[in-house]
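The values are calculated or read from the model by the stated rules, or taken from the named source; none is laboratory data. Computed from a prediction, not measured in an experiment: that's the story for all the values here. So basically every Cβ, Gly included, is an ideal-geometry build from the backbone, and we count neighbours across all protein chains shown.
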Amino acid sequence: MKGSKRRLAILASAAPIFNRRGFAGTSIADILEATALEKGGLYNHFASKEELALETFDFAYAQVVEYFGKALVGAGPGLGRLRAYIDAFEHYCERPVIEGGCPVINACVEADDALPFLRERVSKAFGAMRGIVRRNVERAVLAREIDARTEVDQASDFIVASLEGAVLLARGMRSRTHSRNVCAALRGWLEERVLP
């Protein structure tokens, strides 16, 4: 990510706006108001609203990656990291690192057909999340921490879909109870596979 201090300050101001309102719902006027810039000043740093949106997504996603990276420090590979990831996700639902919730989910919902320029970034972000989970499911199976009959790809998709679905459910129902319920159920599902 390119990064003068001013450019990073613009991204930090724009990230919650894009995250809450989406690309279509965010106007350049909204960004100018949040950054106290004139239009020319904004366009000195970003060639278009699309470029600003992409870099804002990258900025927001980097915050998410940093959060989960810190949350997994000290957790052993395999089962330990899977448990820590679920715990971290539950806390993340309670206190998202970027105002407005998960930037990956928010961008995914909007980018599917309407914003092809953002779709690739969203796909890579989901791929990275799934990669973390998949590596640790595989490690847990190989270390005989969980049942060897666990199908790694299915389990990985199930965990990621459950966690991301928890974010959507909590947001749609306007209650964190639902994300807590999903995380509790996912912990139970994982513990059923732990070998004695």
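Observations, loosely collected:
- Checking Thr150 against (1) under 22 Å from His91 (Cβ atoms); (2) touching a helix residue (DSSP H, G or I) at 6+ places or on another chain (Cβ under 7 Å), the condition it does not meet: (1)
- Just one of the listed residues (Ala75, Ala53, Ala47) is part of a loop (DSSP other than H, G, I, E, B) and over 23 Å from Ile132 (Cα atoms), and it is Ala47.
- If you go through segment 48-62 and pick out every residue that is at pLDDT 95 or above and polar (S, T, N, Q), you end up with 1.
- From the options Glu33, Glu55, Glu66, residue that is acidic (Asp, Glu), free of Cβ contacts under 8 Å to residues at least 60 places away in the same chain and surrounded by 19 or more Cβ atoms within 10 Å (Cβ to Cβ): Glu55
- Total residues in segment 159-188 satisfying the condition of being surrounded by 14 or more Cβ atoms within 10 Å (Cβ to Cβ), farther than 9 Å from Cys93 by Cβ and small (Gly, Ala, Ser): the figure is 2.
- The numbered conditions (1) part of a helix (DSSP H, G or I); (2) surrounded by 13 or more Cβ atoms within 10 Å (Cβ to Cβ) are all true for Val97 except (1).
- Restricting attention to segment 124-142, the residues being hydrophobic (A, V, I, L, M, F, W, C) and touching a Gly at 6+ places or on another chain (Cβ under 9 Å) number 4.
- Residues within segment 153-172 that are farther than 14 Å from Ile132 by Cα, within 13 Å of the chain's Cα centre (by Cα) and free of Cβ contacts under 8 Å to residues at least 24 places away in the same chain, tallied: 1
- Only one of the numbered conditions (1) part of a helix (DSSP H, G or I); (2) modelled with pLDDT of 90 or more is violated by Leu37, and that is (1).
- Residue match in segment 120-135 (condition: without any contact (Cβ under 8 Å) to a residue 12 or more places away in the chain and polar (S, T, N, Q)): yes
- When we screen Tyr43, Tyr92 for residues that are within 13 Å of the chain's Cα centre (by Cα) and of a type outside the set (A, V, I, L, M, F, W, C), the only hit is Tyr92.
- Hits in segment 102-114 (condition: surrounded by fewer than 18 Cβ atoms within 10 Å (Cβ to Cβ) and outside any helix (DSSP H, G or I)): Asp112, Asp113, Ala114
- Helices (runs of 4 or more DSSP H) completely within segment 115-196 that count 1 or more residues being acidic (Asp, Glu) and at pLDDT below 95: 116-142, 152-173
- Some residue of segment 1-12 being in a helix (DSSP H, G or I) and within 30 Å of Ala166 (Cα to Cα): yes
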